[in-house]
Amino acid sequence: MQITQHEAAALAPFQWLKKPAVDGPPAQRDPKVVERVSEMLSTIERKGLDAVRAYAEELDGWSGDLEISAEELKKSGDALPPDVRTALEMGYERTHRFASAQREHLTDFEIELAPGVKGGQRYVPVTRVGAYLPAGRFPLLASAFMTVGVAKAAGVPTVVACTPPSGEHGAHPAVLYSAYLSQADRVFAVGGVQALGALAFGLLGEAPVDMLVGAGNAFVTEAKRQLFGRVGIDLLAGPSEVAVIADDTADPAWVAADLLGQAEHGPNSPAALITTSEELGRKVIAEVDRQLETLTTREIAGAAWRDYGSVIVVRNADEAVAVADVIGPEHLEIQTEDDDFYLQNLTNYGSLFLGPWSTVAYSDKGIAGTNHVLPTGKTSRYNAGLSVSRFLKPLTYQRAAKEGTAALAPAVERISAFEGLAAHGATATLRIDKIGRRSEAFDSVPPALRDQL
């Protein structure tokens, strides 16, 4: 989310109250990560499941069964506190309801383009999806809702999930219960690069998946990058990001809390405040420092704020929009007196959170219903977050009748002749000759083409 010199030169003048201490994007590709992932994927492709098991033991200390049984998956919720179980069930229900509404609004259609010529589109789900459910420093319990559950809402027949082993239990019970609620077809206790390789190469008792989804660490992201092309992917997610646009009506304590709420994802997670009020900006900086004193994750969130935190003062709402669209944050909160202005004018963000009551954490945990698998690293300029549409292929079809020949064939014949593609032209010529070049069917053909018939 950093602003480069070239980007700054194109913006109206703005004031830095706090600049990131680290110069450069936090999600740079580490050559050592690239090399290690390449070596692992090559080994997994050559040696198959033996390599997956070897990496599971080497990297995760796991030598037990890789697959979580259906019975164990069903009972996983029994190991959870009742209130956590209820919260997860609520998160799944809302995420599923939102995804189902998305699917309902993606409709098949057919249109008549000319007499006897119809074109249409059908939304067809991919056949097999592999979902990675991270469970590293902090298990992200709602990830299954956003990946497995949304794929199922899209109509994907088979979704296979992988999650890192967790101690002696095979996998984190809350992650397993989320996968169970989300209707995963099979779940495996396999983490990292070996999980993605096993899914892509079809090593888990299933055919290779068509698509890999789900966030993870730098190794997981690099594995998705290298496997892209062999399989589809959702997006290449870097460190979690948050930006807040706020004016003098915002509460500095709330803004600071929301910045730290995403900064604690990792020590390289950017957090930015864009404000039209210098006074608010200074109060938020002081409030962040105050809240860090008692925050249990201050070593992580504090490092992220120190190295990647920023506070930018602009003159008005238009300039705030311009800065936000340049940094294109994953999560963007709006806490102003005119939130709808930003809804109508912002274009680059992963997901938007309107008003002080709409904190990012509501979405992170699945309780707000929207997806938390979102573009990072300024890729929101051309990409969007995961949704049912990512699992659906908009497949087109054409239906031409005999009477549609006049609307199609003469133009194709002439264009093909001009291009020098004789075989293309012949496909149209055969059909013209079949109905007769002087047929009444061609009465509506433009004179410049009719003269050639």
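Take each of the peptides 437-445, 256-264, average the number of other beta-carbon atoms within 10 Å over its residues, and list them starting from the highest.
256-264, 437-445
So if R0 is 25 Å, what FRET efficiency would Glu206 and Glu39 give, r being the distance between their Cβ atoms, rounded to the nearest 0.05?
Efficiency at R0 = 25 Å is approximately 0.55.
Give the separation of the Cα centroids, the range 388-453 to the range 93-154, in Å.
Centre-to-centre distance over Cα atoms comes out at 35 Å.
Based on the alpha carbons, how large is the Rg to Rh ratio for the chain when Rh follows Kirkwood?
With Rh from the inverse mean 1/r over Cα pairs, Rg/Rh is 1.08.
Can you put Tyr349, Tyr92, Tyr382 in order, fewest other beta carbons within 10 Å first?
Ranked by crowding around the Cβ, least crowded first: Tyr382, Tyr92, Tyr349.
In percent, how large is the relative contact order of the range 1-125, given Cα pairs closer than 8 Å and 6 or more residues apart?
9
Send over the Kirkwood Rh of the range 401-450, from the inverse of the averaged 1/r over different Cα pairs, rounded to one decimal Å.
10.8
Using 1/(1 + (r/R0)^6) with R0 = 30 angstrom and r between the beta carbons of Glu93 and Glu57, what's the FRET efficiency to the nearest 0.05?
After rounding to 0.05, the efficiency reads 0.20.
Give me the number: length gained by fully extending Arg290 to Glu337, i.e. 0.36 nm times residue separation minus the C-alpha to C-alpha distance, one decimal in nm.
Contour length minus the Cα-Cα distance gives 14.3 nm.
Work out how much length Ser439 to Thr297 would gain on full extension: take 0.36 nm times their residue separation and subtract the Cα-Cα distance, in nm to one decimal.
Additional length available on full extension: 43.1 nm.
Pop a pseudo-label 7 angstrom from the Cα along the beta-carbon direction at both Asp65 and Gln5 and give the gap in nm to one decimal.
6.0
Arrange Met1, Met40 by Cβ neighbour counts within 10 Å, fewest through most, would you?
Going from sparsest to densest Cβ surroundings: Met40, Met1.
Compute the relative contact order of the range 100-186 as a whole-number percentage, counting only Cα pairs closer than 8 Å that sit 6 or more residues apart in sequence.
Dividing the mean separation by the residue count of the range 100-186 yields 29 percent.
In what sequence do Asp65, Asp83 fall when counting other Cβ within 10 Å, fewest first?
Asp83, Asp65
Counting alpha carbon pairs within less than 8 Å and at least 6 residues apart, what relative contact order, in whole percent, applies to the chain?
Relative contact order comes out at 20 percent.
Return the calculated 222 nm mean residue ellipticity for the chain, to the nearest 500 deg cm²/dmol, obtained by summing -39500 (n - 2.57) across DSSP H runs with n ≥ 4 and dividing by the residue count.
Counting only the DSSP helices, I get -12500 deg cm²/dmol.
Read the figures in this text as sums done on the coordinates, not as results from a lab. Computed from a predicted structure; not experimentally measured. As a convention, Cβ positions derive from the backbone with ideal geometry for all residues, glycine included, and neighbour counts pool all protein chains shown.
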